[in-house]
Each structure stands twice: as C-alpha cells, then as structure tokens.
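J.: One structure follows; several queries about it will come next.
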Amino acid sequence: MALPAGNTATVQLIIDRSAAAAVRIDRTRTEGIALGNGDGTLRLEYLSATAEIAEGDTVVTAGIDGIYPPGLDVGRIEMVERAGPAYRRVVIRPFADFARLETVLVLVAPSPVWAPPLAAPAGKVAR
C-alpha cells in the first residue's frame, strides 16, 4: 500500500508482518487473505475448509479490499500443509524478489468525476 503526497509515497511491502491483501487462487477462484510473514513469504488465511488449493497455483489480487485492483500477480503456492481437520497452513512465494527491488509502481485511484446536481427545468417547481 502506498500513500502518495506530492512527489513522494510511503510504501508498505506486501511481505511485511503488518500487511494484508485480499487474494484469490487464479485456477479455482477461491478467495482468502494473504498476510506477510516477515520472512519474504506470505501465508494464506481465511480459506474455506473445502477450498481446492494445490502447490504451484498462482495467486492474484482479488480486488475486494479497496486497496489493490483485481488481477495483479502476487505469487505461487509453495506449500500446503494440513494443520488439523479444518485448517491448512498455506505459504505463498511472491513473484517479486523484494531483496532486489529497485523501482515500484504506485497505483493511484482516479479522482471521482464531479457533476453538478440536477435542477428542475425552468418554470417547473419540484413538489
């Protein structure tokens, strides 16, 4: 997430421990939340217990969190491990190598278009 101001921006890496993004598995359209592990990987949380997920699946942004637009490539499922009857530990390896990052693209939502309020036609009084 970036907060632009003039010619600068504060950028939070998606792998930071305090970062989270709504994502989906591209193959199955299953949605969840990717949370930073702080070690260069992400963990996938809030998945349905019956969600179909496999190592090698591509993860993209879901676009439902109001921060990231849909369809941005995030990474690939590196590990799926059962951690109980209804819980799986899922690790995502990001596509970006954050240790070698030199340039970032800051996406800024377009400003809303302002339109004047509708007025009653001349000679007509709204009742």
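J.: Somewhere in the range 14-21, is a residue more than 13 Å from the chain's Cα centre (by Cα), among the charged types (D, E, K, R) and in a loop (DSSP other than H, G, I, E, B)?
T.: Of the range 14-21, the ones more than 13 Å from the chain's Cα centre (by Cα) are 16-18.
Cutting the leftovers down to among the charged types (D, E, K, R) gives us 16-17.
This time we only want the ones that are in a loop (DSSP other than H, G, I, E, B), so: 16-17.
Scanning the range 14-21 turns up at least one residue that is more than 13 Å from the chain's Cα centre (by Cα), among the charged types (D, E, K, R) and in a loop (DSSP other than H, G, I, E, B).
J.: Another one. When Tyr87 is evaluated against the numbered criteria (1) at pLDDT 90 or above; (2) over 22 Å from Thr103 (Cα atoms), which criterion, by number, is the only one it fails?
T.: (1)
J.: Can you name the residue in the range 34-50 that is among the aliphatic types (A, V, I, L, M) and within 20 Å of Tyr68 (Cβ to Cβ) and is also farthest from the chain's Cα centre (by Cα) among such residues?
T.: Step one: of the range 34-50, the residues among the aliphatic types (A, V, I, L, M) are 34-35, 42, 44, 47, 49.
Next cut, within 20 Å of Tyr68 (Cβ to Cβ) only: 34-35, 42, 44, 47.
On the way: Ala34: 8, Leu35: 10, Leu42: 12, Leu44: 12, Leu47: 15 Å.
Within the range 34-50, the match that is farthest from the chain's Cα centre (by Cα) is Leu47.
J.: Those residues that are over 16 Å from Ile14 (Cα atoms) and in a strand (DSSP E or B), I need them from the range 59-85; list them, please.
T.: Glu78, Met79, Val80, Glu81, Arg82
J.: Still on this model: Could you please tell me which pairs satisfy a Cβ distance under 7 Å, a separation of 6+ or placement on different chains, a first residue in the range 104-127 that is within 30 Å of Gly71 (Cα to Cα) and at pLDDT 70 or above, and a second residue that is assigned to a loop (DSSP other than H, G, I, E, B) and of a type outside the set (D, E, K, R)?
T.: These pairs meet every condition: Leu107/Pro69.
The values are calculated or read from the model by the stated rules, or taken from the named source; none is laboratory data. Just so it is clear, the model here is predicted, and its values are computed rather than measured. Neighbour counts run over all protein chains shown; Cβ positions are idealised from the backbone, glycine included.
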